[in-house]
1. Ignoring the sites themselves, what is the longest stretch of the chain with no GluC sites (Glu not before Pro) in a DSSP loop and at most 13 other beta-carbon atoms within 10 Å?
2. Among residues other than THR12 whose Cβ falls under 9 Å from its Cβ, what is the net charge (Lys/Arg +1, Asp/Glu -1)?
3. Let me have the 222 nm mean residue ellipticity of the chain computed from DSSP H runs of 4+ only, each contributing -39500 (n - 2.57), with the sum over all residues rounded to the nearest 500.
4. What is the helix-to-structure angle for 36-51, meaning the angle in degrees between its Cα long axis and the longest Cα principal axis of the chain, kept from 0 to 90 and rounded to the nearest 10?
5. Once both axes come from the Cα atoms, what is the angle between helix 70-87 and the longest principal axis of the chain, in degrees from 0 to 90, rounded to 10?
6. Rolling a 1.4 angstrom probe over the protein heavy atoms, how many square angstrom per residue are accessible across the chain?
7. Mind checking which of ALA213, GLY103, ALA183 is farthest towards the positive end of region 75-230's charge dipole, using Cβ charges of +1 (Lys, Arg) and -1 (Asp, Glu) about the Cα centre?
8. Report the paramagnetic label zone for GLU171: residues of region 8-45 whose backbone N is under 13 Å from a point 7 Å from Cα along the Cα-to-Cβ axis.
Amino acid sequence: MSLILQIETATTSCSVALARYGEVLDFKEINARNIHAEVITLYIDELLNNSGIQYNDLDAIAVSSGPGSYTGLRIGVSTAKGLCFALDKPLIAIETLEAMAFGVIDNPGFFEDENTLLCPMIDARRMEVYTALFDSEGNRVRETAADIIDENSFADYLKDKKIIFFGDGAEKCKSVLSHNPNAKFLDDFVNSATYLTQKAAQKFADSVFEDVAYYEPYYLKDFIAGKKAL
């Protein structure tokens, strides 16, 4: 049995999904900034109620672990850990960029051929993004990093491979990367808790769980608080 509640709050999307045996049963989400804390628990309640599922029926909680928004990650991980403590259920963490890649892989119409690489991008600051590269089967080709994007970014890969760029960090990079004919952009990609499904089911089957007491999100960079304008 693997009835898993999945939570995504690392990006502008606030999303929750229910999946059983690696298949999405239902989901609820909104793509808006600074709304995660207001709606995340309401969405979880509504999702379970609409599905006729009790909290104790869950087998695990999966959460998008970052990198991404510092505040969003805190909200998502805190919610997931609170549920795990209260229900005595295991916690599963899925790296956000990897989940995004599987969101594209599970939609094969996006692929032109097997020579295509996937480049999920999460907006960081200015021309900086959190990013990684994956092949068409979800294998990691380039490690996760915080990159400042310029016209030479990914040049070695773009020489002989197509790259699909997507996520809320891809739009601001379009002007400097779209000159290369091998660079493709998915303009309508929105992150979702449903994209955690494949990896969450796999980790549950393999009993790959986090220590609920000590687990922290994958921030990648230290949080720097801005000063409020006078």
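The values are calculated or read from the model by the stated rules, or taken from the named source; none is laboratory data. What you are looking at is a predicted structure, and each value in this text was computed from that prediction instead of being measured. Cβ atoms come from the backbone with ideal geometry, glycine included; neighbour counts cover every protein chain shown. These area figures cover heavy atoms from the full protein model, side chains too; ligands, DNA and RNA do not enter into them. Shrake-Rupley method; radii C 1.70, N 1.55, O 1.52, S 1.80 Å.
1. The segment 1-111 is the longest one with no such site.
2. Local charge sum for THR12: -1.
3. -8500 deg cm²/dmol
4. It works out to around 60 degrees.
5. 30
6. 49
7. Towards the positive end, the residue furthest out is ALA213.
8. The answer is 12-13, 31-33.
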